[in-house]
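Readers should treat all values here as calculations from the given coordinates under stated rules, not as data from a laboratory. Every value quoted in this text rests on a predicted model; they were computed, and no experiment measured them. Glycine also receives a Cβ, built like all others from the backbone with ideal geometry; neighbour counts cover every protein chain displayed.
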Amino acid sequence: MTIVAMTVTILLAVAGMLTLTRIIRGPSVLDRIVATDVLLAVIVAAIATDVAYSRDATALPVLVVLSILGFTGSVSVARFAVRSRRHEP
């Protein structure tokens, strides 16, 4: 079980680093926003992995709140992007 936990930790860490790279180097603001949403998903996956590994359900409300915030943020940004593109000449 320890090998699986180490593998998942390494994969999530690599995903987080690649996402941070996209946030820093992203050519447009929308790329950075999508990368931020992906980073939030990686963080949620890391917390969920910890919950599953430790079998302690005290972090589940945190997962629910982060998921709702991520969804709400993504929808808000998408609506803003669509609205701003309509007003471009």
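Footprinting exposure proxy ranking of LEU20, LEU39, fewest other C-beta atoms within 10 angstrom first, gives LEU20, LEU39.
The angle between the Cα long axis of helix 60-86 and the longest principal axis of the Cα atoms of the chain comes to about 20 degrees, rounded to the nearest 10.
Reported to two decimal places, what Rg/Rh ratio describes the chain when computed on Cα atoms with Rh from the Kirkwood expression? Mind showing how you got there, number by number?
Working: Rg = 16.1 Å, Rh = 14.7 Å.
Value, to two decimals: 1.10.
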